[in-house]
1. Going by the alpha-carbon gyration tensor, a ≥ b ≥ c the square roots of its eigenvalues, is region 58-110 rounded (a/c under 1.5) or, if a/c is not under 1.5, prolate (a/b greater than b/c) versus oblate?
2. For the chain, what does -39500 (n - 2.57) per DSSP helix run (n ≥ 4), summed and divided by total residues, give at 222 nm, in deg cm²/dmol to the nearest 500?
3. Considering the zone a paramagnetic label at THR17 would reach in this model (a point 7 Å from Cα along the Cα-to-Cβ line), which residues of region 84-126 have amide N under 15 Å from it?
4. Take VAL55 and ASP93, extend 7 Å from each Cα along the Cα→Cβ direction, and tell me the distance between the two endpoints in nm.
5. Under 10 Å, Cα contacts only: if you run a Gaussian network model on the chain, which one of ALA35, ALA80, ALA126 comes out with the highest mean-square fluctuation?
6. Which GluC sites (Glu not before Pro) from region 63-143 combine a DSSP loop assignment with at most 13 other Cβ atoms within 10 Å?
7. Can you tell me how much longer the chain between ALA5 and GLU114 gets when fully stretched, taken as 0.36 nm per residue apart minus their C-alpha distance, in nm with one decimal?
8. Measuring from label point to label point, each 7 Å out along Cα→Cβ, what is the ALA29 to SER42 span in nm?
Amino acid sequence: MDGEAWGELSESGLAATVEVTGFLPHTEAMRLAGASSLLVASGLVGSDHVARGCVPAKLFEYLATGLPILYLGDVASDAAALLHAHPGCHVVDPSDVDAVLAALESGRQGRTYERDVESLSRRAGARKLAEILDQACARSGGR
């Protein structure tokens with residue numbers, strides 16, 4: 001966590017509620033995520049096509065947990081579009097304090113959400129890519 005974020009947490013009296021672990025092995029990170037009440041992710045800052053098109057890999061793992069997700073970032077980004085398609089996801093502009101508070105409150109309810117994430121799996125992506133390549137080969141006459 002950068003110094004500016006830590007400073008804001010301290011100023012708001014929330015620093016004691018945050019545990020900064022640093023990098024963890026994937027299995028440990030997923031174990032801790034699964035034991036959480038709300039998962040938080042943030043997007044790249046900026047309105048250029050790279051920032052808007054960036055979808056952090058952790059969002060796919062977060063979706064699979066069924067837990068509420070708070071995404072702080074560009075509400076018109078590809079990551080936001082992915083999350084909007086699933087229940088229990090709160091896509092919020094970081095400056096919208098009321099929306100952030102509402103999302104945090106939803107995490108306190110202990111609710112989980114059924115999400116169809118099979119279509120987001122690597123296996124499904126590989127299958128879709130294979131179909132596209134098969135179609136391209138068929139159009140070119142198998143050359």
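The values are calculated or read from the model by the stated rules, or taken from the named source; none is laboratory data. This is a predicted model, so every value here is computed, not measured. No Cβ is skipped: glycine too gets one built from the backbone with ideal geometry, and neighbour counts run over all protein chains shown. Remember, those area values only see protein heavy atoms, side chains included, never the ligands or the DNA or RNA. Shrake-Rupley method; radii C 1.70, N 1.55, O 1.52, S 1.80 Å.
1. Details: a/c = 2.18, a/b = 1.04, b/c = 2.10.
Judged from the Cα gyration tensor, region 58-110 comes out oblate (a/c at least 1.5, b/c at or above a/b).
2. Values: 7 runs with 67 residues, N = 143.
Dividing the helical sum by the residues of the chain leaves -13500 deg cm²/dmol.
3. Zone members listed by number: 97-110.
4. Each label point is offset 7 Å from its Cα along the Cβ direction, giving 2.4 nm.
5. Maximum fluctuation in the GNM of the chain, among the listed residues, is at ALA126.
6. Numbers: sites: GLU105, GLU114, GLU118, GLU131; in loops: GLU114.
Hits after loop and neighbour filter: GLU114.
7. Working: separation 109, 0.36 × 109 = 39.24 nm, distance 3.21 nm.
Between ALA5 and GLU114, full extension yields an extra 36.0 nm.
8. Here the answer is 1.6 nm between the modelled labels.
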